[in-house]
1. Among the residues of region 59-82, which ones are over 26 Å from ALA413 (Cβ atoms) and touching a Phe, Trp or Tyr at 6+ places or on another chain (Cβ under 7 Å)?
2. Just a yes or no: is a residue in region 328-336 outside any loop (DSSP other than H, G, I, E, B), in the same structural domain as PRO41 (by TED's automatic domain parsing), modelled with pLDDT of 95 or more and within 15 Å of the ligand (Cβ to nearest atom)?
3. Restricting to region 247-272, and then to whatever is assigned to a helix (DSSP H, G or I) and acidic (Asp, Glu), can you tell me which residue is nearest to the chain's Cα centre (by Cα)?
4. For region 149-171, does any single residue satisfy the condition of being surrounded by fewer than 18 Cβ atoms within 10 Å (Cβ to Cβ), modelled with pLDDT of 95 or more and part of a helix (DSSP H, G or I)?
5. Consider ASP407 carefully, then state whether it is at pLDDT below 95 and either out of contact with any Pro (no Cβ under 7 Å at 6 or more places or on another chain) or surrounded by fewer than 21 Cβ atoms within 10 Å (Cβ to Cβ) (or both).
6. Within region 182-204, how many residues turn out to be in a strand (DSSP E or B) and under 18 Å from the mean Cα position of the chain (by Cα)?
7. Considering each of VAL319, VAL390 in turn, give the residue that is free of Cβ contacts under 8 Å to residues at least 24 places away in the same chain, crowded, with 20+ Cβ neighbours inside 10 Å and more than 13 Å from the ligand (Cβ to nearest atom).
8. Looking only at residues in region 366-384 that are within 13 Å of the ligand (Cβ to nearest atom) and under 10 Å from PHE432 (Cβ atoms), which one is surrounded by the most Cβ atoms within 10 Å (Cβ to Cβ)?
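The values are calculated or read from the model by the stated rules, or taken from the named source; none is laboratory data. Computed from a predicted structure; not experimentally measured. Using ideal geometry, Cβ is built from the backbone for each residue, glycine included, and neighbour counts are taken over all protein chains shown.
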Amino acid sequence: MTMQLPNNPARANVLAARPTLWTNPQYHENAINDASLPLTPDQVDQAQANWKRLAPLLETCFPELKTTAGAIRSDLIELNALRDALGYGGAEFGHVFVKADSALPVAGSIKARGGVYEVFVFAEDLAKREGLLGDGQDIRQLASDEAKVFFARYTIAVGSTGNLGLSVGIAARALGFKATVHMSSDAKVWKVERLRKLGVEVVQHEADYTTAVENARIVAESDPTIYFVDDEQSRQLFLGYSVAALELAEQLSTRGIMVDAEHPLFLYLPCGIGGAPGGVTYGAKKVFGDNVHCFFVEPVQSPCALVHMMSGSEELVSVYDVGLTNKTEADGMAVARMSAFVASVMRNMLAGIFTVEDDELFRWLLLAHQSQDIRLEPSAAAGFAGPQFVVKHPQGQALCEALNIVDRLPQAAHVVWTTGGSFVPQEQFDCFLKDAAVPHKT
Ligand SMILES: Cc1ncc(COP(=O)(O)O)c(C=O)c1O
């Protein structure tokens, strides 16, 4: 049954699965300090403190983190050759950066920030509760053989389109937990194989992501030894992601890039269920206040955050409800229904959402590879449309006028968050490059 979307300049394009920009009519200043939100900004600082406390353990479990003393960080890359190739050479586009979570250590995607965080926080809590870790004891004790035997009594479960499963599975196995990942039908074979090699049980569902999560939740509810990482509701995942904004602030400041009323900042964040882009948006609003404007990006056939937030409905609206298919090559974003929790937090905080076609994802993936040697998977390339939408699209221009920042655009910074790709096996990556030459109408 088709549900009616309200009258809006983006509506016809959304329903016809054409790329478009929706700007949020409920976007307003200082939304992060709304006392009715289910989170408070100081929780981002607590999450950062948790990451710091866990760092020695992370460094012990993952030798690739030696160079960063246990921090899971990504580079901020200023675009040069790629900038021209994308058509962003003009001064009106200010600075254009990539925040390369595509190369995040441990899990090769932005999901390392959420999934690894939630598993390690759970492990520490459990160990404290059960007397395995005393107050003030060295956290690296949780990487001992004794701890592994203890953790092996528990299972970590998660539903995933692929990358969250990878990050949770890798983190769980590193500590000795059993792990079960419920994969949606969109999950790529190489992600399933990689998890099985790590000893993770992978349950493959014929159905979409929402169903995979539901199944995982039902199994977990009946067994107290299963800890369920709930992508639709988890505060821990969300806060794990949010700390990325503190990292970005430090990197921008090191490069002398100011963010203030004269120098706006725009973030473009690929969105599936909304947890990762929502968490980063929340952190960014805490750090940069009203000088940052965050946009989600979704495939034209899977714009779950767009249709729900545009609908204004209290009940979740899915892409099927408006006649879209949820079919896309961007597996990480193949989600038909967004998280209700994220929707409630983003209501007044998100500047807008734009949509992209699969063909464009492959084209950007190829350009990023050719011009700046950045390895992406299709979902991770989606943000490259951002500067064009904000600076040139009528709705983007209307938003900049309303915010009174049109004359400040040449001194703005645009950050395209590339969210995954470095773990893609070479053979699969070669296929992506070949696919860039073939149209993929969805
Ligand atoms: C590469 C990539 N980008 C973006 C996302 C979107 O994250 P979320 O589902 O938390 O919105 C995912 C989700 O798996 C992903 O794998």
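1. Applying the first criterion (over 26 Å from ALA413 (Cβ atoms)) to region 59-82 yields 59-67, 69-70.
Matches in region 59-82: none.
2. Going residue by residue through region 328-336, those that are outside any loop (DSSP other than H, G, I, E, B) are 331-333.
Cutting the leftovers down to in the same structural domain as PRO41 (by TED's automatic domain parsing) gives us 331-333.
Filter once more, so that each one left must be modelled with pLDDT of 95 or more: 333.
Right, trim to within 15 Å of the ligand (Cβ to nearest atom) and you get 333.
Checked region 328-336: at least one residue is outside any loop (DSSP other than H, G, I, E, B), in the same structural domain as PRO41 (by TED's automatic domain parsing), modelled with pLDDT of 95 or more and within 15 Å of the ligand (Cβ to nearest atom).
3. Residues of region 247-272 assigned to a helix (DSSP H, G or I): 247-254.
Filter once more, keeping what is acidic (Asp, Glu): 247, 250.
On the way: GLU247: 15, GLU250: 20 Å.
Taking the candidates together, the pick is GLU247.
4. Initial filter on region 149-171 (surrounded by fewer than 18 Cβ atoms within 10 Å (Cβ to Cβ)): 149, 152-153.
Among the residues that remain, those that are also modelled with pLDDT of 95 or more are: 149, 152-153.
Applying the additional criterion that residues be part of a helix (DSSP H, G or I) yields 149.
Looking through region 149-171, at least one residue is surrounded by fewer than 18 Cβ atoms within 10 Å (Cβ to Cβ), modelled with pLDDT of 95 or more and part of a helix (DSSP H, G or I).
5. Values: at pLDDT below 95: no; either out of contact with any Pro (no Cβ under 7 Å at 6 or more places or on another chain) or surrounded by fewer than 21 Cβ atoms within 10 Å (Cβ to Cβ) (or both): yes.
Answer is no for this residue.
6. Taking region 182-204 as the starting set, the residues that turn out to be in a strand (DSSP E or B) are 182-183, 201-204.
Okay, now just the ones that are also under 18 Å from the mean Cα position of the chain (by Cα), so 183.
Going through region 182-204 one residue at a time, the tally reaches 1.
7. On the way: VAL390 fails: free of Cβ contacts under 8 Å to residues at least 24 places away in the same chain.
Only one candidate passes the filter, namely VAL319.
8. Only one residue fits best here, namely ALA381.
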